[in-house]
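The values are calculated or read from the model by the stated rules, or taken from the named source; none is laboratory data. This is a predicted model, so every value here is computed, not measured. Backbone-built Cβ (ideal geometry, glycine too); neighbour counts: all protein chains shown.
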Amino acid sequence: MPRNVNDIIKNLSPAQRKRVEKRAAALIAEEMTLRQLRRARKLTQQKLAKSLRIGQEGVSKLEQRTDLLISTLRNCVEGMGGQLHLVAEFPDRPPVELAGFAAREAQKGD
């Protein structure tokens, strides 16, 4: 008889189940849309709009776009209280964080 994942999880010990749930949450957190990220941060579109100094409809449009300028994405992430880091991954070497694109460049005199 075929088994589904729920049947397998039911048969795990509480410690095993907790590890599976923790790993599942980590995997889910690794990839989110801007909308999902905003919601995970418990922010409304209105609150984020105020932080970004744009209208709520502007946040809605940002969340629907599939192609953003890096500076726009950085501003949006910072408006949620985070920092944006860009990482390039290759099969033959460790990941490399790209400098100068995502981070705000220090202004002269800082």
All positions within the range 35-51 that are in contact (Cβ under 8 Å) with a residue 24 or more places away in the chain and either of a type in the set (G, A, S) or in contact with a Cys (Cβ under 7 Å, 6 or more places away or on another chain) (or both):
S51
Of all residues being farther than 24 Å from G100 by Cα and surrounded by fewer than 16 Cβ atoms within 10 Å (Cβ to Cβ) in the range 55-88, which is nearest to the chain's Cα centre (by Cα)? Just the residue, please.
Q64
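Filtering the range 3-39 down to residues that are in a helix (DSSP H, G or I) and polar (S, T, N, Q), which residue is nearest to D67 (Cα to Cα)?
In this case the residue turns out to be Q36.
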Is it the case, given these coordinates, that K18 is on the phi < 0 side of the Ramachandran plot, out of contact with any helix residue (DSSP H, G or I) (no Cβ under 8 Å at 6 or more places or on another chain) and modelled with pLDDT of 80 or more?
yes
